[in-house]
1. Can you give the calculated 222 nm mean residue ellipticity of the chain, where each DSSP H run of n ≥ 4 adds -39,500 (n - 2.57) and the sum is split over every residue, rounded to the nearest 500 deg cm²/dmol?
2. Hey, any idea what Rg/Rh is for the chain, computing Rh the Kirkwood way over Cα pairs?
3. Using a cut-off of 14 Å between beta-carbons, work out the net charge of the residues near residue 35 (Lys and Arg +1, Asp and Glu -1, residue 35 not included).
4. Let me check the size of segment 104-241 from its C-alpha atoms; what are the radius of gyration and Dmax in Å?
5. From Cα pairs below 8 angstrom and at least 6 apart in sequence, can you work out the relative contact order of the chain, rounded to a whole percent?
6. Take the eigenvalues of the Cα gyration tensor for segment 201-241, scale each by 5, and report the square roots as semi-axes in whole Å, largest first.
7. Kindly point out which whole DSSP H helices in the chain project their C-alpha atoms 20 angstrom or further along the helix axis while averaging a Kyte-Doolittle hydropathy of -1.0 or above.
Amino acid sequence: MKRFRLVVIFPVALALPLLSVCVAANAQVINGYQPKVSLLGDSIALFEAGLQSQIFPTLNPANVYIFGHDSYSCAQVRLVVQFDAFGTALAPRNPDVVVLVNDTTNDVARGTTPADLLTCLQGTVSDLLNRKSNLKMVVLTTPPWTQYNPCTGANNDPSIPGLIASYNIVMPELQTQWPHNVRVLDANTPFLDALGDGWANPALMTGPCGIHPGPQSQWSGGQPTLAAVYRDTVLTSNQPW
């Protein structure tokens, strides 16, 4: 039997809509389910390449395809997402679940508006469902940045936590629009510092520039935290949504 947990994000004192998170008390209760997974997005996804066995210890690593694009925005990810998810005629993939680990972080840097981001994400979901109508999709909200940027040696602009919060307010609309295909999960709250300021805990954002949960292809820093956000939802995705 699975139980339902409701998660609310509260960065920078903004109350967000409820994110419905479908998880099992023990992911292994769905005996023998081996979903084929495409785990995609920007460099946050790219940095998870090679970590299949750590992210999904109960899955055959051959069933988990991980690929991401450095510095890609949502619009750029959308252009290639069908190819990334399904492959080619010569090398086809037929995923049961697509996980958009993150394709919104670079939109923060570019100042994309929340409305434009939502339109892009809606188009991304539509494009994938046009290829496979019963596809399950897991979309993660935008994780926080660290206040201090080790790449620049200075603090990030103070507007960044508010912009991230504004993205995460609109993203649950995807689950409302496609309740049987999409789950929007909270990848922001687990990474926040203890100060309530909307910035990330540096101990969890140990990858480049304080916006990646860990170094590339290393099971360290915040990589276990990130995987825990979506693992059980993927492993129980054969249950009705």
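Throughout, read-outs are computed from the coordinates displayed, never taken from laboratory work. On a predicted model such as this, the values are computed, not experimentally measured, just so you know. We place every Cβ from the backbone using ideal geometry, glycine too, and count neighbours over all the protein chains shown.
1. On the way: 8 runs with 74 residues, N = 241.
Calculated at 222 nm, the ellipticity per residue is -9000 deg cm²/dmol.
2. Details: Rg = 16.6 Å, Rh = 17.8 Å.
So for the chain, dividing Rg by the Kirkwood Rh gives 0.94.
3. Working: positive: 36, 93, 132, 136, 183, 231; negative: 96, 232.
Every neighbour counted, the sum reads +4.
4. 15.7, 48
5. Working: 480 pairs, mean separation 59.7, N = 241.
The value is 25 percent.
6. Numbers: eigenvalues 137, 16, 11 Å².
Its equivalent ellipsoid spans semi-axes of 26, 9, 7 Å.
7. On the way: long enough: 114-131 (26 Å, 0.27).
Sorted by number, the helices that extend far enough and score high enough are 114-131.
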